[in-house]
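Q: One structure follows; several queries about it will come next.
The values are calculated or read from the model by the stated rules, or taken from the named source; none is laboratory data. In this text, all values refer to a predicted model and were calculated from it rather than measured experimentally. FYI the Cβ positions are ideal-geometry reconstructions off the backbone, even for glycines, and counts take in every protein chain you see. Accessible surface is based on the protein model in full, side chains and every heavy atom, while ligands, DNA and RNA are left aside. Shrake-Rupley method; radii C 1.70, N 1.55, O 1.52, S 1.80 Å.
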Amino acid sequence: MAARTAALLAAVVLLVSPWSVGADCGCGSTSREGGTPEDHIPHQNTAFKYSREANEQRDGMVLLPSGVFTMGTDNPGIPPDGEGPARQVHIASFYMDVYEVSNAEFEKFVEAIHYTTEAENYGDSFVFEGLLSEEIKSKIHQAVAAAPWWLPVKRANWRHPEGPDSDISDRMDHPVVHVSWNDAFAYCTWAGKRLPTEAEWEYACRGGLENRLFPWGNVLEPKGQHYANVWQGNFPNTNTGEDGYVKTSPVKAFPANGYGLYNMVGNVWEWTADWWTTQHSPDQAHNPKGPSFGKDKVKKGGSYMCHKSYCYRYRCAARSQNTLESSASNLGFRCAADAK
Ligand SMILES: [Ca+2]
Ligand SMILES: [Ca+2]
């Protein structure tokens, strides 16, 4: 009951302002103005091998072992994002959702507590232009100057990802999108879980490998195989979909990493619990939780829209941010939980 109350409280929305059209990287970073602001195949890794028996304690979650890892990097792909410095971080054992939260799972939550997302309350959300019908596009006369491929679409929300002429009936096993940080917080609370910290998320992303770019190693496409749903072609005009998907993929698509987690990078960005900062202490840390306050929340992993040419953020050390009220067609989440 307490969890439901908390979820409902989190559902109280501050309808204080319309969309902000300030974009930082343009790859999913459109924000509402908030009030408050040698390649390595993962399954061959043995150092951090997870136990399937132990992991059956919580449905759909993996119990990650405690450990120390190198968070961030001294060779940042995008230095202004605050990817560095590399620092040693100790993480206590915790549970992580195996998959991004799917539309099917989110629907159960919505129906259980009659939840309304922020995109539904605001009446719009940002959608990548390349996904929209001509009819929807013809009605929009506003765009983000720094990222004109993002369009605010009336009545776009998790049930209608590309606006009112779209629905999710053929993608219930895809990640839910158009969910704000507040929506993600409400869902995880309702589920008896919580959002992962950025450190936990990155630890989980690395799957037991040390200082690698991706959850599976340093080569994007080992032996020509696709390990994540990202963009192939020339952004933003041509997405060849060589990996099988030009938008979201099922949450179970592509190989799992060394911890048994799917789609940590690519597919959809994932909200974390932490407030955003680009300043990090190089000192060792134990279970860091980020700044105590801020304006934006950290999101990790990149999305199906990411291409190295303009948004090289489908790496474990990469990061970006949005306000708590923001939502978009490439931003979702997964939950974590304490080990005890
Ligand atoms: Ca793709
Ligand atoms: Ca992801």
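Q: Considering each of Leu209, Leu213 in turn, give the residue that is at pLDDT 95 or above, in contact with a His (Cβ under 7 Å, 6 or more places away or on another chain), more than 16 Å from ligand 1 (Cβ to nearest atom) and of a type in the set (A, V, I, L, M, F, W, C). Outline the logic, then answer.
A: Working: Leu213 fails: in contact with a His (Cβ under 7 Å, 6 or more places away or on another chain).
Exactly one of Leu209, Leu213 is at pLDDT 95 or above, in contact with a His (Cβ under 7 Å, 6 or more places away or on another chain), more than 16 Å from ligand 1 (Cβ to nearest atom) and of a type in the set (A, V, I, L, M, F, W, C), namely Leu209.
Q: Condition first: within 16 Å of ligand 1 (Cβ to nearest atom) and not polar (S, T, N, Q). Now tell me which residues in region 299-314 satisfy that. Break it down into steps so the answer makes sense when it comes.
A: From region 299-314, those within 16 Å of ligand 1 (Cβ to nearest atom) are 301-314; that's our starting set.
The answer is Gly301, Gly302, Tyr304, Met305, Cys306, His307, Lys308, Tyr310, Cys311, Tyr312, Arg313, Tyr314.
Q: Here's something else I'd like to know. Please specify each residue of region 231-245 satisfying the condition of being touching a strand residue (DSSP E or B) at 6+ places or on another chain (Cβ under 8 Å) and within 16 Å of ligand 2 (Cβ to nearest atom).
A: Trp231
Q: Within region 158-173, how many residues are open to solvent by 60 Å² or more (accessible area, probe 1.4 Å) and in contact with a His (Cβ under 8 Å, 6 or more places away or on another chain)?
A: Of the residues in that region, 1 qualify.
Per-residue answers, yes or no, for (1) closer than 24 Å to Val176 by Cβ; (2) open to solvent by 50 Å² or more (accessible area, probe 1.4 Å); (3) within 12 Å of ligand 1 (Cβ to nearest atom):
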{"residue": "Gly233", "(1), (2), (3)": "no, no, yes"}
{"residue": "Phe254", "(1), (2), (3)": "yes, no, yes"}
{"residue": "Asn257", "(1), (2), (3)": "yes, no, no"}
{"residue": "Leu261", "(1), (2), (3)": "yes, no, no"}
{"residue": "Trp269", "(1), (2), (3)": "yes, no, no"}
{"residue": "Trp276", "(1), (2), (3)": "yes, no, no"}
{"residue": "Ser281", "(1), (2), (3)": "no, yes, no"}
{"residue": "Asn287", "(1), (2), (3)": "no, yes, no"}
{"residue": "Lys297", "(1), (2), (3)": "yes, no, no"}
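Q: Also, quick follow-up: Determine, yes or no, whether Ala191 is away from ligand 2 (no atom under 16 Å from the Cβ), touching a helix residue (DSSP H, G or I) at 6+ places or on another chain (Cβ under 8 Å), open to solvent by less than 50 Å² (accessible area, probe 1.4 Å) and farther than 25 Å from Phe128 by Cα. Steps first, please.
A: Numbers: away from ligand 2 (no atom under 16 Å from the Cβ): yes; touching a helix residue (DSSP H, G or I) at 6+ places or on another chain (Cβ under 8 Å): yes; open to solvent by less than 50 Å² (accessible area, probe 1.4 Å): yes; farther than 25 Å from Phe128 by Cα: yes.
For Ala191, the condition - away from ligand 2 (no atom under 16 Å from the Cβ), touching a helix residue (DSSP H, G or I) at 6+ places or on another chain (Cβ under 8 Å), open to solvent by less than 50 Å² (accessible area, probe 1.4 Å) and farther than 25 Å from Phe128 by Cα - is met.
Q: Which condition from (1) within 16 Å of ligand 1 (Cβ to nearest atom); (2) under 15 Å from the mean Cα position of the chain (by Cα); (3) small (Gly, Ala, Ser) is the one that Ser320 breaks?
A: (1)
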